[in-house]
Amino acid sequence: MTQEQSAIRIQGLDVTFATDGGDVHAVHGIDLDVRSGEVLAVVGESGSGKTVTARAILGLLPETARVDGAVVLSGQDVVALSPDRLRAVRGTEAAMIFQEPMTALNPVFTVGWQIAEGIRAHERIGRKEARERAVEILRKVGIPDPERRVDDYPHQFSGGQKQRIVIAQALVLGPKVIIADEPTTALDVTVQAEILDLLRRARDEFGTAIVLITHNMGVVADLADRVAVMYRGDIVETARAVDLFARPQHAYTQRLLAAVPRLAIADRPYTGDVDAEPVVRAEGLEIEYPGRFGARGFRAVDGVSFDIRPGEVLGLVGESGSGKTTIGRAMAALAPVTGGSLRVLGAELNGIRERDFRARRREIGFVFQDPASSFNPLLTIGACVAEPLRVHGVGQSEADDRVAELLEAVHLPPEVARRFPHELSGGQRQRASLARALVLEPKLVIADEPTSALDVSVQARVLELFTELQERFGFAALFITHDLAVVDLLAHRVVVLHRGRIAEQGRTADVLGAPQDPYTRRLIASLPVPDPVLQAQRRAEWERVAAAG
């Protein structure tokens, strides 16, 4: 390939970080190139070096990084550029789309001001013209009524709209290259499908080269032309997407693809007593948040009815804002029930007082989406897992024995009890979070998106562990997620929520295998599959379903 054909050429890129514990060699002399109008996906587990490589393209590595080799962008070696020249290159030659749009957007300025300031930092134009260009780019990325919304603040947009705004910031100066770092990780499948379609149009209409950093192999199959697989700082395989998915050569690539959850429509029959008293029963459940300053309240959950039997896993799926997390919080008496009935472990929560439910909380375990933020960073893992026991008056010796038993159950070595949360990987922290959820031997576990931020191989291990623990300890579970493939693996039954109401519910195999509601069909069509040929067909189906409303 000639230099003129490449939007980016990376040659012998080597990155080492200086730390208190010694040097960390993150990237080992890799070579990569990306053509104009091409999407190159860089995939691998956390710690593989993919994000370090992406940030090196824009010179965004910290001062503790020692960088060798060359990153050639528009004929310039980014590694050798001065800070002033780097600032001129960022935005005009290459731009970055970050994983979490709320960290990329300033909450105290309107989105239009932020886009316009990026333009004026590189071009000599007035505020009025910059604002007009901001309106135009918001229109191109699909923000409705951009003339009005240009003056709104980030918090006034949904998660998918915020990601569109971040993409607008990246596109507005017409860069030759976009680096997209996990741009859809936190998004629902329907919103994810829209964002991927937007990136595809950026490639096709603007000829933009895209470096896509992701651990979602369905996203890779949907968008990428070529794939580079990274493992512990090395590129172990590079191939066209179609070839890599059909015939992976390296053992690590084969393991990575094997770990991807697929919608297999597997039937997981419930083997418990169907006539037993439900652990949870909702009948016409309503949850409304009061409005401020006399404004009307917001009804987050509207007339929902379902039950969870002893030893049953119920999957609760839907987009952001559908009410699924609100229902999970209400089941723990952390959100008020304002109408209908919600009975949990025999207690009616409509009108219950906090002190009357406190004793039953011992029978409920929680697994959160981000264990790093739910663990106290000042306590060891052993102390974090034992904390519920200590709250309920269990002695130190008994607590230590219980913690050791559960760490073994979640396949963590005993010495993990002496480590702090930041010393564990994401998968290890989530295993410890499972141990903490089970420490009081609960009858009900509420798991809220516990695997959405994990790499596919780590996610697969955590899901296998959840199933193993559920069968071993026999607890009932509410598993909240937006990933239908995860529900397919775990749940006996599924409830599909849409704008606070139930669109469909039933046995998992029935709902996912033969969906009756148009919204469920749209959710399933939006889920990317790790097969480029099949995904192209599913994308056409998604476009048809989306057009039909």
* To do: Specify which residue in the list P154, L58, I195 is farthest towards the positive end of the charge dipole of the chain, using unit charges on the beta carbon of Lys, Arg (+1) and Asp, Glu (-1), about the Cα centre.
  => P154
* **Under 22 Å from K324, Cα to Cα: lysines that are on another chain or at least 8 residues apart** => K162, K443
* **At most 10 other Cβ within 10 Å, DSSP loop - GluC sites (Glu not before Pro), the range 37-69** => E63
* **Partners for K176 among aspartates and glutamates (Cα-Cα distance below 16 Å; same-chain residues under 8 apart left out)** => E4, D33, E38, D77, E93, D204, E205
* Structure fact -> Unit-weight point scatterers at every alpha-carbon of the range 166-290, Debye formula, q = 0.11, 0.17, 0.20 1/Å: log10 I(q)/I(0) is -0.59, -0.96, -1.21
* Asked: Which value, in debye to the nearest 20, describes the size of the charge dipole of the range 103-174 about its Cα centre when Lys and Arg Cβ atoms bear +1, Asp and Glu Cβ atoms bear -1, and nothing else is charged?
  -> 80
* Quick one: which of 309-320, 236-247 comes out on top by average Cβ neighbours within 10 Å, and what's the full order, highest first? -> 309-320, 236-247
* Two-decimal log10 I(q)/I(0) for the range 103-174, as the Debye equation yields it once each C-alpha is a single scatterer, q = 0.28 Å⁻¹ -> -1.46
* Structure fact -> Packing-ranked peptide list from 349-362, 156-169, 397-410, highest mean Cβ count within 10 angstrom first, is 156-169, 397-410, 349-362
* Structure fact -> Interchain or sequence-distant (5+) residues whose placed amide H lies within less than 5 Å of the amide H of G506 are V494
* To do: Read phi for every residue in the range 298-310 and hand back ³J(HN,Hα) as whole Hz from Karplus 6.51 cos²θ - 1.76 cosθ + 1.60, θ = phi - 60°, with x for Gly and Pro.
  => 10, 8, 7, 10, 10, x, 8, 10, 6, 9, 10, 8, x
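Could you give the length gained by full extension between D23 and R124, i.e. 0.36 nm per residue of separation minus their alpha carbon distance, to one decimal place?
Numbers: separation 101, 0.36 × 101 = 36.36 nm, distance 4.36 nm.
Contour length minus Cα-Cα distance gives 32.0 nm.
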* Asked: Where does the chain land at 222 nm, in deg cm²/dmol rounded to the nearest 500, when only DSSP H runs of n ≥ 4 count, each adding -39500 (n - 2.57), divided by all residues?
  -> -11000 deg cm²/dmol
* Structure fact -> Expected vector for the range 157-172, Karplus 3J(HN,Hα) from phi with 6.51, -1.76, 1.60 and θ = phi - 60°, integer Hz, x for Gly and Pro, equals 10, 6, x, x, 5, 4, 5, 4, 5, 5, 5, 4, 4, 6, 8, 5
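Could you tell me which chymotrypsin sites (Phe, Trp or Tyr not before Pro) in the range 273-312 are loop residues by DSSP with no more than 12 other beta carbons within 10 angstrom of their beta carbon? Present the calculation step by step, with values, prior to reporting the outcome.
Values: sites: F293, F298, F306; in loops: F293.
Counting only loop positions with at most 12 other Cβ atoms within 10 Å, the chymotrypsin sites (Phe, Trp or Tyr not before Pro) in the range 273-312 are F293.
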* Asked: What are the chymotrypsin sites (Phe, Trp or Tyr not before Pro) within the range 48-123 that DSSP puts in a loop, where the Cβ has at most 16 other Cβ atoms within 10 Å?
  -> F109
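Using the crude model of +1 on Lys and Arg Cβ and -1 on Asp and Glu Cβ, and no other charge, please compute the dipole size for the range 1-125 relative to its Cα centre, in debye to 20.
Details: 10 positive and 16 negative charges, 80 e Å.
Value, rounded to 20: 380 debye.
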* Structure fact -> Projected onto the charge dipole of the chain (unit charges on the beta-carbon of Lys, Arg, Asp and Glu, signs +1, +1, -1, -1), the Cα from A168, L86, S6 with the largest positive-side position is that of A168
* To do: State to the nearest 20 debye the size of the charge dipole of the chain about its Cα centre, where the only charges are +1 on K and R beta carbons and -1 on D and E beta carbons.
  => 1160
* Structure fact -> For the range 267-316, the convex hull over Cα atoms projects on average to an area in nm² of 4.7
* Asked: Which of L469, T481, G500 sits farthest toward the positive end of the charge dipole of the range 448-506, with +1 on the Cβ of Lys and Arg and -1 on the Cβ of Asp and Glu?
  -> G500
* For the range 148-165 and the range 216-281, write down the distance between their C-alpha centroids in whole Å. => 32
* **Proximal lysines relative to K128, as straight alpha-carbon distance under 22 Å, when same-chain residues fewer than 8 apart are discounted** => K140
* Asked: Given H placed 1.01 Å from N in the peptide plane, which residues other than close sequence neighbours of G303 have an amide H under 5 Å from its amide H?
  -> L285, E286, I287
* To do: Place the peptides 65-77, 24-36, 435-447 in order of packing, highest mean first, counting for every residue the other Cβ atoms within 10 Å and averaging per peptide.
  => 435-447, 24-36, 65-77
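Where the eigenvalues come from the Cα gyration tensor of the chain, what are the semi-axes √(5λ) of the equivalent ellipsoid, largest first, in whole Å?
Numbers: eigenvalues 338, 162, 111 Å².
Semi-axis lengths for the chain are 41, 28, 24 Å.
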* Structure fact -> Whole-Hz Karplus couplings 3J(HN,Hα) for the range 506-519, θ = phi - 60° and coefficients 6.51, -1.76, 1.60, Gly and Pro as x, run x, 4, 4, 4, 6, 5, 7, x, 9, x, 9, 8, x, 5
* To do: Taking amide H positions as placed in the peptide plane 1.01 Å from N, state which residues far from A335 in sequence (5 or more) or on other chains have amide H under 5 Å from it.
  => A330
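Every read-out reported here was derived from the displayed coordinates using simple, explicitly stated rules and does not represent laboratory data. Worth saying up front: this structure is predicted, and the values here are computed from it rather than measured. Don't worry about glycine lacking a Cβ; one is built from the backbone with ideal geometry, like all the others, and counts go over all protein chains shown.
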